[in-house]
Amino acid sequence: MGFFSGFFSGFALTTSIVYISLQIHRSNRIAQRDAIREQVELINWLSSSSGAYDRRFLPKPPRQMAGEQEAGRIRWPSQPSIKDVLKHRWNDEVEALAKKAFESRWEDGRDIALEGWKAAMRLVKRE
């Protein structure tokens, strides 16, 4: 295995491990955030004193309890699936690439290609 192939395979392995660990950490933080928000809404609804004397002023239940309750169970809102999350990320990437393509000019591409060609020719002529 040559130097470059070893270097790039190690770089790819390291960056993929870091990326996966960051995504797992992010998903755990999002799940914790959602759980804390739901608990805060329930506690605020339970501790609300505005409906203590007159039931007409009782606050509406939070969105978790607003739906029909089946057999005494609370219907919790469904989390977005991994498919929806990946679809959203894909759409963001496509949008960013489309903006970049719309804002780029042919002259800039030509100049970059010309500079690359000149650098390659200098490298070949030197050897």
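The values are calculated or read from the model by the stated rules, or taken from the named source; none is laboratory data. Predicted, not measured: the structure shown is a model, and the values here were computed from it. Glycine gets a Cβ as well: all are built from the backbone with ideal geometry, and neighbour counts include every protein chain shown.
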Does A119 fit the bill of being at pLDDT below 85, of a type in the set (G, A, S), outside the structural domain of Q23 (by the TED database) and more than 20 Å from the chain's Cα centre (by Cα)? no
I'd like the full set of residues that are at pLDDT below 90, under 27 Å from I82 (Cβ atoms) and either among the hydroxyl-bearing types (S, T, Y) or part of a loop (DSSP other than H, G, I, E, B) (or both), limited to the range 13-64. P62, R63, Q64
Matching residues in the range 94-104 - criterion: being part of a helix (DSSP H, G or I) and surrounded by 10 or more Cβ atoms within 10 Å (Cβ to Cβ): V94, E95, A96, L97, A98, K99
